[in-house]
Amino acid sequence: METVFNFINGAVHDAVGEPQSNRISPIFDPATGQQTKQVRLSDEAQTQHAIAAAQHAYADWAKTSPLKRARVLFAFKALVEENLERLARLISSEHGKVYSDAIGELARGLEVVEFACGIPHLQKGEHSSNVGTGVDSHSLMQPLGVCVGITPFNFPAMVPMWMFPIALATGNTFVLKPSEKDPSLAVELALLLKQAGLPDGVFNVVQGDKEAVDVLLTDERVQAVSFVGSTPIAEYIYATASAHGKRCQALGGAKNHCLVMPDADLDMASNAIMGAAYGAAGERCMALSVVVAVGDETADRLIDKLRTQIATMQVGPGIVEGKENDMGPVISAPHKQKICDLVTNGVEQGASLLVDGRDLTISGYEQGYFVGPTLFDHVTPEMTIYQEEIFGPVLAIVRVPNYATGLELINQHEYGNGTAIFTRDGETARQFEEEVLAGMVGVNVPLPVPMAFHSFGGWKRSIFGPLNMHGGDGVRFYTRMKTVTSRWPASVRLEEHASRFNFPTM
Ligand code: NAD
């Protein structure tokens, strides 16, 4: 059985002959349900070893010119592009998502690398001359030290690439702890970074679970923690990292609503909703899982269109020669069971199940973790399927009488990651944009995922910490500002530096 190891100090860890922990976790191909590999879970000693490697590499890397750091990232980008097909197949084999979706996540990750290549400009700081007579002021945006990323299973490439390109470009060193469910891609990225010229120890991968995470959250050499995952774990990460004096950004779960107004272009809306609800089997933090339809006529017409489109959806393995499916399996057997149990619970609580994906089997892949696209109507806010993040291909329709009721419903939900409105009316869209309590808003755009040069993050219990991922916030998160005020004596020429005892004013 192939084993996935740590990558520490420039080497895959079994290659350096160091002791490994005895704990292992199986890795499955979600399309077949077969175990394909195993991952060795790090204990305290291995995790500390990775931190020590990153700490050791920090002094030189922090002093390397931003231009040289950016050139490593340029080379890394070219290498990822050369290896795109191989990496996408690897993602699909461990995560299950369809090949084109895996290519898409690599492309979105590469956009952050491109952004980070501009670091000589982004990290310039500010300068003011003559803030007082003969006094200048400038700021240095200095790196923090060892930074940590803890990432979820659903984007094994993109989410780590929200973090490490900017952390490395700004002069930090990094320890990545990927999900134990699809951990291979992290090691592949580490090998490509090394090939791109990154010095050993600057980027390390620790495989593991809570045991490794707890070391990363408490070790005093770690300066900053970036986390993406479910909300209960995000809360724990934020509280623990903060209590240990670390800077932390922790992004959590979601329940993304879209408001469909009676004047919406319903063909456009239903096409958009299909992809956003069922793409990646609903395992996206930006997946649309609730449609808030204004008026019964809007709901009925939209449902007709959705049912027609669902009937033609192709569900199957992420990679199958000569064909592209629309949707692959979910990540694991327990997760499939959880989704099916929630669907059963929705029926018991009185929602109308219009399309039931629980009993789907795919010929030749009978053991795969497939759930078909599922559609509920007449969902109400008291129901568990409305309140909880299902993280599967399950779409709920909630009917409301008007815009105000729909907006209030969205704003009362505990999560506030992304949201969207479908309308032809600019004034309604503008009002929604101003009033909705969510971090990312789409206007006739179902998945408003910000580009790399903007920042990604939700509101409410979808984020803990003040700074979002990538864009300007990413640069701020991975640097700390030092402001220098300087005056140079003209002592040989002037005699005006007698001591002053009053508080300095400019
Ligand atoms: P998860 O919370 O189970 O795991 C995330 C990471 O935390 C993994 O690396 C895991 O090993 C680690 N972890 C798990 N349990 C832990 C514990 N008890 N203590 C310490 N660490 C622990 O999330 P997941 O199932 O991998 O990913 C799906 C979740 O991620 C969904 O809730 C989804 O909404 C969320 N997500 C959010 C965003 C966002 O940007 N807000 C993006 C992607 C995914």
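The values are calculated or read from the model by the stated rules, or taken from the named source; none is laboratory data. The structure displayed is predicted, hence computed values, not measured ones. Backbone-built Cβ (ideal geometry, glycine too); neighbour counts: all protein chains shown.
Candidates in region 451-491 are the residues that are within 16 Å of the chain's Cα centre (by Cα) and of a type in the set (D, E, K, R); of these, the one that is farthest from the ligand (Cβ to nearest atom) is ASP473. Counting the residues of region 432-450 that are part of a strand (DSSP E or B) and within 14 Å of the ligand (Cβ to nearest atom) gives 1.
I'm checking my understanding of the structure. Among residues of region 118-146 that are of a type in the set (A, V, I, L, M, F, W, C) and more than 30 Å from GLU85 (Cβ to Cβ), which one is farthest from the ligand (Cβ to nearest atom)? Once the filter is applied, the top-ranked residue is VAL135. Could you check region 329-358 and list, in sequence order, the residues that are away from the ligand (no atom under 16 Å from the Cβ) and under 23 Å from PHE155 (Cα atoms)? Matches in region 329-358: CYS340 only.
Conditions tested, residue by residue: (1) in contact with a strand residue (DSSP E or B) (Cβ under 7 Å, 6 or more places away or on another chain); (2) more than 22 Å from SER230 (Cβ to Cβ).
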position: MET451; (1), (2): no, yes
position: HIS454; (1), (2): no, yes
position: TRP459; (1), (2): yes, no
position: PHE464; (1), (2): yes, no
position: MET469; (1), (2): yes, no
position: LYS482; (1), (2): yes, yes
position: PRO489; (1), (2): no, yes
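Filtering region 410-431 to residues that are closer than 24 Å to GLU382 by Cα and away from the ligand (no atom under 15 Å from the Cβ) leaves ILE410, ASN411, GLN412, ALA420, ILE421.
Looking only at region 189-200, decide whether some residue is more than 10 Å from the ligand (Cβ to nearest atom), farther than 24 Å from THR64 by Cα, assigned to a helix (DSSP H, G or I) and within 19 Å of the chain's Cα centre (by Cα). Scanning region 189-200 turns up no residue that is more than 10 Å from the ligand (Cβ to nearest atom), farther than 24 Å from THR64 by Cα, assigned to a helix (DSSP H, G or I) and within 19 Å of the chain's Cα centre (by Cα).
Every condition in (1) touching a strand residue (DSSP E or B) at 6+ places or on another chain (Cβ under 7 Å); (2) farther than 30 Å from GLU324 by Cβ; (3) of a type in the set (Ser, Thr, Tyr) holds for SER93 except the one numbered (2).
Scanning region 392-421 for residues that are assigned to a loop (DSSP other than H, G, I, E, B) and crowded, with 24+ Cβ neighbours inside 10 Å yields GLY392, PRO393, ASN417. In region 275-293, of all residues being touching a Lys or Arg at 6+ places or on another chain (Cβ under 9 Å) and of a type outside the set (S, T, N, Q), the one that is farthest from the ligand (Cβ to nearest atom) corresponds to ALA293. Just so you know, in region 376-391 the residues that are within 26 Å of the chain's Cα centre (by Cα) and buried (at least 18 other Cβ atoms within 10 Å of the Cβ) include one that is nearest to THR344 (Cα to Cα), and it is ILE385.
Quick one: in region 201-237, which of the residues that are farther than 16 Å from ALA157 by Cβ and hydroxyl-bearing (Ser, Thr, Tyr) is nearest to the ligand (Cβ to nearest atom)? Residue satisfying both the conditions and the ranking: SER230.
Does region 32-59 hold any residues that are among the polar types (S, T, N, Q) and in a strand (DSSP E or B), and which are they? Within region 32-59, GLN34, GLN35, THR36, GLN38 meet the criteria. When the test is whether a residue is modelled with pLDDT under 95 and not hydrophobic (A, V, I, L, M, F, W, C), PRO448 passes it. Inspect all residues belonging to region 313-325 and state whether any of them is touching a residue at least 60 places away in the same chain (Cβ under 8 Å), among the β-branched types (Val, Ile, Thr) and not in a helix (DSSP H, G or I). Yes: region 313-325 contains one or more residues that are touching a residue at least 60 places away in the same chain (Cβ under 8 Å), among the β-branched types (Val, Ile, Thr) and not in a helix (DSSP H, G or I).
Of the strands (runs of 3 or more DSSP E) lying entirely inside region 202-262, not one contains at least 3 residues that are without any contact (Cβ under 8 Å) to a residue 24 or more places away in the chain and either assigned by TED's automatic domain parsing to the domain that holds ALA276 or not small (Gly, Ala, Ser) (or both).
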